[in-house]
Amino acid sequence: MRKPLLAGNWKMNCTIAESQELVRQLRDQIGARDDRDVLVAPTYPALALVAKELEGSGYLLAAQDLYWEDSGAYTGEVSGPMIAAAGCSHVIIGHSERRQYFGETEETVSKKTQSALRHGLGPIVCVGETLDQREAGDTLAVIERQVRGGLDGLGSEEIGRLVLAYEPVWAIGTGKVATPEQAEEVHAAIRGLVAKLADDATAEQCRILYGGSVKPDNVDVLMSEPDIDGALVGGASLKAADFARIVAFQS
Ligand code: PEP
């Protein structure tokens, strides 16, 4: 009942011309899919052109971040209205690389999430524990703190417009993937938390993506888990054939 969502986070990769080439290859290799949502998240400079390239494909477009103010003296930042005007339907918020390198906190994730919702963008809110936190047995507590922090102050209707992404930090870009059981345990806990913060119906419809070294050879088994509704893919989303195979997962 939840439509799978396969999302490619291109991170700080591809010039405008390379983005155009990649999206053309993706359209060729993925084709039309009604049974699953396909999303790409290029860099800011490439958004408008990629939006044009995606016309008629049904694929979704996301930015990789946003700032919570709409405009003004915030050098280097990009706002929700700008992203929406470039053709985005979604925006990634709180990616672990932003938390790790750019000082993202639960408070900034919350402000960004509220701004995205105000501008009609679907936030893809990322959460995930570090290896130390997992080894200390703190995974579920960390995830709960991040989800509660990011969703602070939101009502059920707003929570219903979110996508959540569970991305264990130790699995991002490392080639180490969570086992389906490890991922499912956290996804089920997140869904339970969404039920508490919103209600059962919202939790049932909320898409929770797994991210962390998703590849063609592990996507099928991950997508077989009942609470894994899609994937947020970094490295493998830059290779059209790999991402096409991930989109074509079979569970
Ligand atoms: C990501 O960027 O969100 C990610 C999960 O990266 P990778 O697939 O490369 O681990």
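Here are a few things to note about the model shown:
- In the chain, lysine pairs with alpha-carbon atoms under 29 angstrom apart (chain gap of 8 or more, or interchain): 22
- Of the two radii for segment 128-251, the radius of gyration is 0.97 times the Kirkwood radius, both from the alpha carbons; that is the Rg over Rh value.
- The gain in end-to-end length when the residue 13 to residue 239 segment is fully stretched comes to 80.2 nm, 0.36 nm per residue minus the alpha carbon separation.
- Nonpolar atom fraction for the chain, defined as the carbon and sulfur part of the 1.4 Å probe accessible area, stands at 50 percent.
- Cα Rg, Dmax, the chain, angstrom units: 16.8, 48
- Segment 95-112 and segment 132-190: distance between their alpha carbon centers, rounded to Å: 14 Å
- Value at 222 nm in deg cm²/dmol, rounded to 500, when DSSP H runs of n ≥ 4 in the chain each add -39,500 (n - 2.57): -11500 deg cm²/dmol
- Whole-Å semi-axes of the ellipsoid equivalent to segment 1-106 (Cα gyration tensor, √5λ, descending): 24, 16, 13
The values are calculated or read from the model by the stated rules, or taken from the named source; none is laboratory data. No experiment lies behind these values; they were computed from the predicted model shown. For accessibility, only protein heavy atoms count, side chains too; no ligands or nucleic acids. Shrake-Rupley method; radii C 1.70, N 1.55, O 1.52, S 1.80 Å.
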